[in-house]
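First up is the structure itself, then whatever we jot down about it.
The values are calculated or read from the model by the stated rules, or taken from the named source; none is laboratory data. Just so it is clear, the structure is predicted and the values come from calculations on it, not from any experiment. Here the Cβ positions follow ideal geometry from the backbone for every residue, glycine too, while neighbour counts run over all protein chains shown. What goes into the accessible areas is simple: the full protein's heavy atoms, side chains included, and nothing from ligands, DNA or RNA. Shrake-Rupley method; radii C 1.70, N 1.55, O 1.52, S 1.80 Å.
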Amino acid sequence: HLPYVLNHGTWPHGTDWLHEASTGTYIPLLQVLEELLDEGYHPKITLGITPVLAEQLSQPAFQESFLHYINQRILSARKDERYFYRIKDNVRQHTAQFWIEHFSNIKNRFVNQYERDILKQFRIFQDNGSVELITCGATHGYFPLLGYDQNIRAQISLALEIHQKHFGKRPNGIWLPECGYRPHYQWKNPLQSLAQETERLGIEEILSDFGIKFFFTDSALLFNGETTGVQRIIQTNDWNYTQLYEEETFLSGKRSPCDIYFVQSQLGEGKQCAVFAREPKTASQVWSGIMGYPGDPFYLEFHKKNFPGGHRYWRVTDSKLDLGKKLLYSPEIIPQRIENQATHFVSLINSVLTNHKEYFGKDGIICAQYDSELFGHWWFEGPQFLKSIFKKIERENKIQLTTASEELNRRKTLEVVALPEGSWGEGNNHQVWLNEKTEW
């Protein structure tokens, strides 16, 4: 997701935000998928593209400005290359040549291969089964604090319409903005001291009304939820899950982020939707800039840029080090760093799934949830890391790559849980979006 930035200037929070995400994340991700398929691999990704982002990427205004942006990146890298040659800075001259090649490749793909249509390329991968595309709230509205159920219905209804428009089919799943969830209960608007309580539907009930099969949550909400039963999956055209089987209760009162659950907050009569939880061990290994892979001292430093062109020539060195003391980046040593960390990550996945099976007595699934911009934009080497782990997983043949819908189709029964209200924000509550600085 990116906010709507077209026609709002260029920098720092205008169109360049979209340009950087496209050059850093969207096109490199598409390139990785294409390379994997060309090499005989079978990648699987569940990817959310929000309606706001899809609408921007499809606009002629973006397609024109993006081409201009890429040309400027190539031009500035060439100027850098000539300058570093004059001052005999061989290391940075080499990196400048790397940037020329990198952005020239981006331009070639965008113009000649994608015909300036990034969404079309994602649709190709959707249609060949490599990517499952899901949606989000139409304007990324924070569902738990929207004042009326019809606000949430409008967010979902328009999101499905926009998704169908760009990708030719309705999505099976949705990313709740900020993983924000609210169960069915007597709700009172927190900003209206005299407001009366009104009965509000659980988010899962509204999703079910629109035929959405699954959403995602933070593991903290899952661990704080209540187990309420077990349900057999009844697969019909409208995915109407209604049939309970009391005799199949294998309830232990224990929940695992390596499992899938039905969410039902109005017990006995409420509608349901499946939920995937973020697996915390693998998440922190990739998310964290301190303990995670992006903090590797040899990876590209995001925050330090060369003046005036804006290209990056330094490496992380130490995440706590002053920017003025950063050492120079060397692209040629990166592949071995990626290889080592991909090996570690696949080993971690194996360990988590093995522990799950030993404890729960059944196979598990790891849902590794990340903001797409982490891969390529914030962490330049991220797309190549993804490519490496996909190849290792398939070669080892111990783990099966899948999409959310494929795994849900495979399941026969799911435990039913009631989730608490919350999000994946700080404190797992609403404080990031509703606090003394935003009440106005």
Exercise for the section: Filter segment 314-355 down to residues that are of a type in the set (S, T, N, Q), surrounded by fewer than 19 Cβ atoms within 10 Å (Cβ to Cβ) and in contact (Cβ under 8 Å) with a residue 12 or more places away in the chain, then give me how many there are. Expected result: 4
Exercise for the section: Name the one entry in L207, L191, L221 that is of a type in the set (A, V, I, L, M) and more than 25 Å from the chain's Cα centre (by Cα). Expected result: L191
Fill in the blank from the handout: Residue hits (segment 320-340; under 20 Å from Q97 (Cα atoms) and in contact with a helix residue (DSSP H, G or I) (Cβ under 9 Å, 6 or more places away or on another chain)) are L328, Y329, S330, P331, E332, I334, P335
Handout entry: Output for segment 341-398, where each listed residue is among the small types (G, A, S) and under 16 Å from the mean Cα position of the chain (by Cα)
Key = A368, S372, G376, G382
Fill in the blank from the handout: Picking from W424, W440, the residue that is surrounded by fewer than 17 Cβ atoms within 10 Å (Cβ to Cβ) and not in a helix (DSSP H, G or I) would be W440
Problem - Residue count, segment 1-46 (criterion: among the hydroxyl-bearing types (S, T, Y) and either surrounded by fewer than 17 Cβ atoms within 10 Å (Cβ to Cβ) or part of a loop (DSSP other than H, G, I, E, B) (or both)) - result: 3
Practice task
Check off (1) without any contact (Cβ under 8 Å) to a residue 60 or more places away in the chain; (2) in a loop (DSSP other than H, G, I, E, B) for L401 and give me the number that stays unchecked.
Solution key: (1)
Practice task
Assess whether R78 counts as being at negative phi, open to solvent by 40 Å² or more (accessible area, probe 1.4 Å) and touching a strand residue (DSSP E or B) at 6+ places or on another chain (Cβ under 8 Å).
Solution key: no
Exercise for the section: Could you grab me the full set of residues in segment 356-382 that are assigned to a helix (DSSP H, G or I) and buried (at least 22 other Cβ atoms within 10 Å of the Cβ)? Expected result: G382
Problem - Unmet criterion (only one of (1) β-branched (V, I, T); (2) closer than 25 Å to S351 by Cβ; (3) in contact with a helix residue (DSSP H, G or I) (Cβ under 8 Å, 6 or more places away or on another chain)) for T317 - result: (2)
Fill in the blank from the handout: Filter segment 210-229 for residues that are among the hydrophobic types (A, V, I, L, M, F, W, C) and modelled with pLDDT of 95 or more; the one that is farthest from R410 (Cα to Cα) is F210
Exercise for the section: Would you mention how many residues in segment 47-75 are open to solvent by less than 30 Å² (accessible area, probe 1.4 Å) and either free of Cβ contacts under 8 Å to residues at least 40 places away in the same chain or of a type in the set (S, T, N, Q) (or both)? Expected result: 3
Practice task
May I ask you to list the residues in segment 383-398 that are touching a residue at least 24 places away in the same chain (Cβ under 8 Å), of a type outside the set (A, V, I, L, M, F, W, C) and either open to solvent by less than 30 Å² (accessible area, probe 1.4 Å) or part of a loop (DSSP other than H, G, I, E, B) (or both)?
Solution key: P383, K387, S388, K392, K398
